Amino acid sequence: MINTLIGNIGHFMVILAFVSAIVSALSYYYYTRSNELEKPSWRRFSRITFYIHAFASVSIAVCLFEIIYNHRFEYFYAFSHSSKGLPVHYMISSFWEGQEGAFILWIFWNVVLGLVIIHTNKFWEGPVMVVFALVQAFLVSMILGVVIGDLKIGSSPFILLRDVSEAPIFQINPDFVPEDGTGLNPLLQNIWMVIHPPTLFLGYASTLVPFAFLIGGLVMKKYAEWVRPALPWAIFSALVLGMGIIMGAYWAYVTLNFGGYWNWDPVENAVYVPWLVMVAAIHTMITYKKSSTALKTSMVLVISSFILVLYATFLVRSGVLGDSSVHSFTDLGLSGQLLIYMFFFLLIAVVLAAKEWKYIPTSQKEASVYSREFWIFIGATTLGLMAFQVIIPTSIPVYNAIIEGFGGISNMAPPADQVEFYTKFQLWFAVALALLTGIGQYFWWNKMDKNELKNALVTPYIISLIAAAIIITLGKVYDVTYILIVVAGAFTIVANATILVKLVRKKTFKLTGGSLAHIGLGMVLIGIMFSSGYSDTISINMSGLTYKKDWEDELNKQNVLLWINKPLQMKDYEVIYRGRYKKVSGVPGYVKADLLEPTEELNEAIALQDIVVNNKKYHNKGDKVNLVLEENSYFKVEYYQDQELKFTLHPMSQPNPSMGLISSPDSKRYLTRDLYTHVSAINDYEDPEWKEDQFMNAGPGEQFFINDFVTHFEGAEVLNDLDDFDLQEGDIAVKANLTIMDYDVEKKLTPIFLIRGNQVGKIPSIDADLGIKVEVDNIIPEENKFVFKVNTYQKDYVVMKAAVKPMINVLWLGTIIMLIGFGVAIHRRFDEFQKMKSKGLE
């Protein structure tokens, strides 16, 4: 039975949120223009309308999650992004997998930030909330789902499947509800995809706050005052956006199989660029607070950061990227709306800034080379150039679309090797930035001339050279480019650590944010250099085999074939593949796949033996158990050194009908390196092609060969009872006990021969790992022989890649320290703002 009530409620809430956002924007506008007598009533009315908007926005999210959680597959969104087999945390991921859910998440975060602004900053509430409410109106319009003639406004998440699909079943039965949905993209079935998108969208939403303060400042002619309340929010935005970027990089590292954490995909670039610009804006805003310079630059950067977020949204969600990005969404017909959204706020910002430009205070003092203003400006310029170098090539599909839209032809194409193209520029920008952060900190805390600068830098310069020399020697860094990166990274770490120690000694820890962030930058630089530049693939294909015809030569060379139980030497390790495993709910670790027999129910299986882990029994033979995503298989790979087991990894793979083999790596983490392992190809386990029957005679105690395996016939025994089969009086059941040695593993096969009157029954014994099926075809009592019928298919195997990632933990630690630095800076700036607010200077 179709449930239309929840969808109707959701759609009503969308309309209510849209109308209340427009009313809130208008009422806050009149609030800013009203006299002192009318202000209280306008403020009260404006707040009520925004509260209604907030209630409606939260209700939209609740309604959509109710549809997903209760598996209401009559709705197109639930059918397209969820399935019954998903655990709750992946249902949450499916909420924002689609475009509509992502917009709802963005709307939600804007509501939260708007409520915070309302209750923390009354002076700026009016103009800031006008901008907030207008942005909310545009965002809600993206999920409005209203069609007026040929005009479509938004895409509703509450549309029914029958209204979208042309399947004949809906003509026969309009109330048809599918049994299950298509499910969540396998690549998103990772815990990081539960927390990464909300973090990223909070970062997107937070760029609105400094932008709104800036627009409010221009409207109220408070050209400089907006900087104080906006600065903590700008740092918060950089912190959260940076955290979102790092989470995305870590998700790529632990989920995707390209062996890295940053692939310079256009969607990755679209997030990276606004973050760079926001960081540049923070530095120029701080400079203005210190010396009343760079106000106009701050304005341009704050506007650019917000507009770039809108541009990033257009890139990702308009479909313009097409095949140039693995992350891009298909076009839902929202391209026009997204462009209007972006150009509307760009036009408002540019018109207001141009109108007030000549009134904005500027400093006529020329910055000296030995001033902090000069070095901050150079640093901000470097960040701007980094952003510019990335966004221009990333936008090539947009240029092509524009030219083709006017009837032209464009042959421009994005870089063929994105990683090489962007890295060769960004790496040198990062080196320059590291050096600037080391030098600039000294100007920040001390006024210096030429001689004082030399004296101040001598000690950190010598220490950093010594540290770099140690790193270069121990890490065997011989490439000139990498040597320069190590020197730059060491210098910024040492120089900023020197400042950090001085500040801590003075017990002014809240001033250490900049030093911590810059130390993190130096560590990130060194971590990237080692983990990417000196990544060592240990799975070298020495066999000369081509595993797949469509693989490039390098891919074939970097993967090895592992037969089950057969050891293979990989540099310092002897590696053995031990078979396929599954995850069972409530059971720690993994359970051998051939101990589980799937039922017709989703994510359910029957235990074929007792499930015991660490001497504790979790399930008895015959119990029904719940599988965790039964389509996922985990491949047990053991690593040995000197015949001693060092560790075991379980990389995951999932054959997907539409996407091919989806694999997620597993890594052994050490303090100084990771050993990264992922599966590239697997045996067709589910639908084997059995070879022709072979017949073999053997008596108890004799040996014979099956598929080159030595097989020992231990003997036979008469059974009095059988599982899943009732023996009647006069029935005879004989079980043959066969032992097969596969390297160091002993396998047991027990085919059964049944006699009932003149009828014969045969129960085969199958070992999926070895690809063997044996049954007793006949018994010859006079010769004391058994006739075995043997079928074989491909023995189980995996093709896998293993690589050592040196010093990758330096990278992750550096990102954490950088984020801590941002956090300390937020605390300091917010504390300053609160103190000024208490003095009536908001």
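Values quoted throughout were computed directly from the atomic coordinates according to the rules given, and no laboratory measurement underlies them. Keep in mind it's a predicted model, so treat the numbers as computed, not measured. For neighbour counting, all protein chains shown are included, and Cβ atoms are generated from backbone atoms with ideal geometry for every residue, glycine included.
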(request) Please state the charge dipole magnitude for the range 160-270, taken about the Cα centre, from unit charges on C-beta atoms (+1 on K and R, -1 on D and E), reported in debye and rounded to the nearest 20. (result) 800 debye
(message) I'd like to compare 102-109, 702-709, 404-411: which one has the highest average count of other Cβ atoms within 10 Å, and what's the full order after that?
(response) 102-109, 702-709, 404-411
(request) Report the far tail of the P(r) of the range 694-795, meaning the percent of Cα-Cα pairs longer than 20 Å. (result) 36 percent
(request) Among the aspartates and glutamates, select those whose C-alpha is under 18 Å from the C-alpha of residue 646, and discard any that sit fewer than 8 residues away in the same chain. (result) 572, 574, 638, 666, 674, 744
(request) Quick one: net charge around residue 10, please, counting Lys, Arg +1 and Asp, Glu -1 for every other residue with C-beta under 14 Å from its C-beta. (result) -2
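Highest first, please rank the peptides 334-343, 741-750 by the mean number of other Cβ atoms sitting within 10 Å of their residues.
So the peptides 334-343, 741-750, ranked by packing, come out 334-343, 741-750.
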(request) Kindly rank 550-561, 179-190, 34-45, 522-533 from highest to lowest mean number of other beta carbons found within 10 Å of each residue. (result) 522-533, 179-190, 550-561, 34-45
(request) Sequence neighbours fewer than 8 away in the same chain don't count; with that in mind, list the lysines whose C-alpha is under 23 Å from residue 84. (result) 582, 583, 624
(request) Could you count how many Lys pairs in the range 694-795 have their Cα atoms under 21 Å apart, skipping same-chain pairs fewer than 8 positions apart? (result) 21
(request) Using the Cα centre as the reference, give the magnitude of the dipole from point charges on the C-beta atoms of the range 1-184 (Lys, Arg: +1; Asp, Glu: -1; all else neutral), rounded to the nearest 20 debye. (result) 800 debye
(request) Please work out which option in [x] 27.2; [y] 39.6; [z] 31.1 gives Kirkwood radius over Cα pairs in Å calculated from these coordinates, and answer with its label. (result) [z]
(request) Kindly identify the range 174-320 as rounded, prolate or oblate by the Cα gyration tensor criterion: order the square roots of the eigenvalues as a ≥ b ≥ c, call it rounded if a/c is under 1.5, otherwise compare a/b with b/c, prolate if a/b is larger, else oblate. (result) prolate
(request) Note the angle between two axes, namely the Cα long axis of helix 480-505 and the longest principal axis of the Cα atoms of the chain, as a number of degrees from 0 to 90, rounded to the nearest 10. (result) 60 degrees
(request) Of the options 195, 167, 119, report the single residue whose Cα projects farthest towards the positive end of the charge dipole of the range 103-203 (beta-carbon charges: Lys, Arg +1; Asp, Glu -1). (result) 119
(request) Mind pulling the angle between the C-alpha long axis of helix 266-291 and the longest principal axis of the chain? Nearest 10 degrees, somewhere in 0 to 90. (result) 30 degrees
(request) Label the range 72-138 by shape, choosing from rounded, prolate and oblate, from the square roots a ≥ b ≥ c of the eigenvalues of the Cα gyration tensor; if a/c is under 1.5 it is rounded, and otherwise prolate applies when a/b is larger than b/c, oblate when it is not. (result) prolate
(request) Quick one: grab the alpha carbon gyration tensor of the range 110-267, order the square roots of its eigenvalues as a ≥ b ≥ c, and give me rounded if a/c is under 1.5, else prolate or oblate depending on whether a/b is larger than b/c. (result) oblate
(request) Pairs to check: 571/617; 621/691; 566/801; 592/691; 122/221; 122/290. Give those whose C-alpha atoms are more than 27 Å from each other in this structure. (result) 571/617; 621/691
(request) Scan around residue 670 for amide H atoms under 5 Å from its own, H built in the peptide plane at 1.01 Å from N, and keep only partners 5 or more places away or cross-chain. (result) 675
(request) Relative to the longest principal axis of the C-alpha atoms of the chain, give the angle of the C-alpha long axis of helix 396-405, reported between 0 and 90° and rounded to the nearest 10°. (result) 80 degrees
(request) Can you tell me what the convex hull of the Cα atoms of the range 399-553 projects to on average, as an area in nm²? (result) 16.6 nm²
(message) With unit charges on the beta carbons (Lys and Arg positive, Asp and Glu negative) and the dipole taken about the Cα centre of the range 1-153, which residue among 15, 80, 68 sits farthest to the positive side?
(response) 15
(request) Could you size up the charge dipole of the chain around its Cα centre, putting +1 on the beta carbon of Lys and Arg and -1 on that of Asp and Glu, and report it in debye to the nearest 20? (result) 6380 debye
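Convert 37 °C to kelvin, take the viscosity as 0.692 mPa s, use the Kirkwood radius over C-alpha pairs of the range 1-184 as Rh, and evaluate the Stokes-Einstein diffusion coefficient in µm²/s, rounded to a whole number.
Value of D from the Cα-based Kirkwood radius: 187 µm²/s.
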(request) Only helical DSSP H runs with n ≥ 4 go in: add -39500 (n - 2.57) per run for the chain, normalise by residue count and round the 222 nm mean residue ellipticity to 500 deg cm²/dmol. (result) -17000 deg cm²/dmol
